[in-house]
Structure formats: structure tokens, C-alpha cells
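Data block below; observations after.
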């Protein structure tokens, strides 16, 4: 081969090499732009105030589980954007997670250790997937990394599964709001100064509540899975207790209004139905939006340490 032929080959290949390098830089620049836009949109999403129209526990828990895949994605975007070492990327992502949780209070959202924990699962998944391996068998290594990363991402969902499974059951049994036949049913209730547990009483499951508040008022608050009660006229609660008479409040509330029914009951079993439409039988009435009911309250007054059993809560 002549010298001229030998020199011609590099000259022919040079444009191809330059074109390949330019294409690589173009692709890198494209992913930087995409990563930056994704991070900006995620930051906006984290700081947008949430509406107060639906407060069911399962919904907030499902949102919590999304922190894992979201922060795995955040770590990937930061890696593309800044080209730092993997350890530096994870530390930076941790800083972003803490920053978001601390400053969310400024838009009416609260800091949650659960959110930070689930952020950590997402970052662990990202660390596993982004980490390079020197294994000679790359396919086995990749499968192991994918399995481990998937485990990290699904762990929050597994931890919240009792709440989510109960939500599916509650939707299926609607308009029965609570009957305590499921071991997960107490996840629908929020404690307002009471202790609640599921007990077997006379062959039937019931919800036992004890006024554990330092004050004289304690409330068991049911956050219904389905808040549209517009097709129903009454909410009925069956309960029982022993001992001296107790002042008990039954209440249904939306974001702004409430219907309260309060009276003193003697020991025994009672079935009380509160009319959701008629202010005469419903006690005190302030406009209640039956298409978006947020909570049902069962409250004990002037009864520190007293116990009552809730048998069922249903709509009629």
C-alpha cells in the first residue's frame, strides 16, 4: 500500500469520527435539557398546595409510596445533569429530599419522616442501577441489580399494602362504612385522643375505643374511602357501652360544613341515625356537601378513660 493510500484512509474516517462525536454531544445535551426540565417540573409538583377535598388515608399513603420511584428518577436526572460521581449524586439527591420536606410547610404541606424513608428506598434503587460492576458475567450482574432495585422500589408499596387492601374492600362494601370484619379496618380511622382496637365481642368483631385524652373529649374519626353520599339520606351508627351515662357526639363533615348530633345515652346498645338532609332531626346544621364528605366522627364527652364499642357505621 502506497503512502498516499495510507494517508487517505484517516482522511476519509476523520469526518465520520467528528460526526459521531458531535452526535454524542448532541444526545448528551438533549438528555441534560430533559433532565433539567424534569427536575423543575418535579420541584413544582412537590410545592403545589394540595386541595383539601379528599382526605382518605389510603390516598395519602398511595401518594407516599410514589416517593420511591420519583426520587429514583431524581437521582438519575441529577447524574445526567451534573456528571458527578455516583456517591456525590446520591448525596445531592438526599439534600434535595430534605430541602423539599423542610420547606413544604410553606405551602401547607407537612414534613413526613415516612416520605423521607421512602425517598431513601428510591435513592437506594437508583444507586444499585447506576453503579457499574466489574463482574465477568454482565447479564447475571444486571439481573441481580434489577431485582434488588425493584425490591427497593416495591418495599414502600408492600409496607402500605394493609391500608390499600382495606380501601379496596371498603369500596366494595359501600355503603357500609365500617363493620370491623376485616383485620385492616382500623386503618380507616384516625385517632383524635382515643385508643382504638378491633375486638371480638359476643361472637362479632367490633371497634373498641377508649378515651385516652388528657382532656375530657376524645374522638374516633372515620375517613371514608368513598365521600360521595349524595344518594343517601342518613348515616347510622350502632354502638354500646357499660357504666354511667355518657355524652356522645355523632358528626359528618366536609371541608367547610358539618352536621352534629349530640345527646346523653344510658348504658346499653344504641342505633342512632343522623338525617343528612333535615336540620330538625340532624341537630345543628351547617351546609354539608354530600358529594364530598370528608369524615365521620364518634366522640365521647366528659369521659376520660371510658370505653365504648362501635358495632357498625353505614349509610341508608
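In the set 304, 224, 244, only one residue is in a loop (DSSP other than H, G, I, E, B), buried (at least 20 other Cβ atoms within 10 Å of the Cβ) and in the same structural domain as residue 184 (by TED's automatic domain parsing); that residue is 224.
Looking across the range 268-292 at every residue that is exposed (fewer than 13 other Cβ atoms within 10 Å of the Cβ) and at pLDDT 85 or above, the one that is farthest from the chain's Cα centre (by Cα) is identified as 268. Residue 235 fails exactly one of the following numbered conditions: (1) modelled with pLDDT of 90 or more; (2) closer than 22 Å to residue 307 by Cβ; (3) part of a strand (DSSP E or B). What is the number of that condition? Status for residue 235: all satisfied but (2). Tell me, please, whether a residue that is within 22 Å of residue 275 (Cβ to Cβ) and either under 26 Å from the mean Cα position of the chain (by Cα) or not assigned by TED's automatic domain parsing to the domain that holds residue 303 (or both) can be found in the range 207-219. Taking every residue of the range 207-219 in turn, at least one turns out to be within 22 Å of residue 275 (Cβ to Cβ) and either under 26 Å from the mean Cα position of the chain (by Cα) or not assigned by TED's automatic domain parsing to the domain that holds residue 303 (or both). If we scan the range 136-146, do we find a residue that is surrounded by 17 or more Cβ atoms within 10 Å (Cβ to Cβ) and either in the same structural domain as residue 264 (by TED's automatic domain parsing) or part of a loop (DSSP other than H, G, I, E, B) (or both)? Checked the range 136-146: no residue is surrounded by 17 or more Cβ atoms within 10 Å (Cβ to Cβ) and either in the same structural domain as residue 264 (by TED's automatic domain parsing) or part of a loop (DSSP other than H, G, I, E, B) (or both). For the range 160-184, a residue qualifies if it is over 23 Å from residue 231 (Cβ atoms) and either touching a strand residue (DSSP E or B) at 6+ places or on another chain (Cβ under 8 Å) or without any contact (Cβ under 8 Å) to a residue 12 or more places away in the chain (or both), and the qualifying residues are 161, 180, 181, 183. Whenever a residue of the range 303-316 is closer than 16 Å to residue 250 by Cα, its partners that are outside any strand (DSSP E or B), lying with C-beta atoms within less than 7 angstrom and at least six residues away or across chains, give the pairs 303/216; 312/179; 314/175; 315/175; 315/229; 315/232; 316/232; 316/233.
The values are calculated or read from the model by the stated rules, or taken from the named source; none is laboratory data. Because the structure is predicted, anything quoted here is derived from the model rather than measured. FYI the Cβ positions are ideal-geometry reconstructions off the backbone, even for glycines, and counts take in every protein chain you see.
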